[in-house]
Amino acid sequence: VKWLDGLQHKPIRAFIVLLFITWILYVPIAYSIGAGTWTGFGPFDFQLSRILLYFGYFLIGVMIGNTDFNNKIFSQDSAIIKRWWLWAFLSLAIYIVLTIGAKTLVQLVKENQLQGFYAWMIYFTLYVSSCSLSCLAFITGFRKWVICSNGWWTSLSDNAYLIYLIHYVFVTWIQFLLLSYDIPAICKFLISFVLAISFSWAASILLRRIKMIKQYL
């Protein structure tokens, strides 16, 4: 995909493209049905407002995967990677603005100084900006600084996509099992994180022993 390769020396344009795609895929549906609307079947649930976003980001990943990304858009010489510090700073700054600004927007709506529609648009725009910047910050940060490999990192890299596909099952059930325990939220988060990544990682390793699964995942 040549237009993706062309973004390697245009970091601001790359961010604008990612932000625009994220906004289009998320904001209209989130505003229409509510960001917290869930649906599912059996033990599997997901946020309905993110269904287009998931699919869109999947397609972005497919397109990037079809490029020579290690020598183009994500090369060490790419302006996007060189600006890793900018993405890290902006992601933190926008997150702070989002956290503080949410209460301000609510107050403005209550005082009839701002219409609800505009308040939601401002909030959602800050939200998708924070998400887009965080994606860039993590990708560029790791690309810039993680330049050595070992067995653990290699295994995590090999199994990352399958972990992404199956981790939610473990996250959901671990959180469900922890509901009856009266322990601090931070402890539940740490337990859920460690167990979910461990179980999904182990499951991925076992599943990728199947030839057909390993061929594609």
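The values are calculated or read from the model by the stated rules, or taken from the named source; none is laboratory data. Just so it is clear, the model here is predicted, and its values are computed rather than measured. All Cβ positions, even for glycine, are placed from backbone atoms using ideal geometry, and neighbour counts span all protein chains on display. The protein model used for the area step is the full one, side chains on, heavy atoms only, and it has no ligands, DNA or RNA in it. Shrake-Rupley method; radii C 1.70, N 1.55, O 1.52, S 1.80 Å.
Computed values, structure above
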item	result
Which numbered condition Lys144 misses (of (1) modelled with pLDDT of 95 or more; (2) surrounded by 11 or more Cβ atoms within 10 Å (Cβ to Cβ))	(1)
Some residue of the range 67-76 being touching a helix residue (DSSP H, G or I) at 6+ places or on another chain (Cβ under 6 Å), over 23 Å from Tyr161 (Cα atoms) and open to solvent by less than 60 Å² (accessible area, probe 1.4 Å)	no
Some residue of the range 49-57 being touching a Leu at 6+ places or on another chain (Cβ under 6 Å) and open to solvent by 80 Å² or more (accessible area, probe 1.4 Å)	yes
Residue match in the range 103-118 (condition: under 21 Å from the mean Cα position of the chain (by Cα) and either modelled with pLDDT under 95 or surrounded by 14 or more Cβ atoms within 10 Å (Cβ to Cβ) (or both))	no
Qualifying residue in the range 70-90 (condition: closer than 18 Å to Val27 by Cα and under 18 Å from the mean Cα position of the chain (by Cα))	no
Residues that are open to solvent by 30 Å² or more (accessible area, probe 1.4 Å) and small (Gly, Ala, Ser), drawn from the range 21-34	Ser32
Per-region count, the range 147-169, residues among the hydroxyl-bearing types (Ser, Thr, Tyr), more than 22 Å from Gln76 (Cβ to Cβ) and open to solvent by 60 Å² or more (accessible area, probe 1.4 Å)	3
Condition check for Leu7: of a type in the set (A, V, I, L, M), within 29 Å of Tyr123 (Cβ to Cβ) and open to solvent by 40 Å² or more (accessible area, probe 1.4 Å)	no
Set Arg13, Arg83: member being within 26 Å of Ala160 (Cβ to Cβ) and of a type outside the set (A, V, I, L, M, F, W, C)	Arg83
Residue tally, condition among the β-branched types (Val, Ile, Thr), under 19 Å from Phe46 (Cα atoms) and modelled with pLDDT under 90, over the range 164-217	2
Pairs where the first residue, in the range 57-86, is free of Cβ contacts under 8 Å to residues at least 12 places away in the same chain and the second is open to solvent by 40 Å² or more (accessible area, probe 1.4 Å) and assigned to a helix (DSSP H, G or I), C-beta under 7 Å, 6+ apart	none
Unmet requirement for Leu18, which otherwise passes all of (1) open to solvent by 50 Å² or more (accessible area, probe 1.4 Å); (2) closer than 28 Å to Trp120 by Cβ; (3) under 19 Å from the mean Cα position of the chain (by Cα); (4) not charged (D, E, K, R)	(1)
Members of the range 14-42 that are of a type in the set (A, V, I, L, M) and under 30 Å from Trp3 (Cα atoms)	Ala14, Ile16, Val17, Leu18, Leu19, Ile21, Ile24, Leu25, Val27, Ile29, Ala30
From Ile100, Ile96, residue being closer than 20 Å to Ser129 by Cα, open to solvent by 40 Å² or more (accessible area, probe 1.4 Å), of a type outside the set (Gly, Ala, Ser) and over 18 Å from the mean Cα position of the chain (by Cα)	Ile100
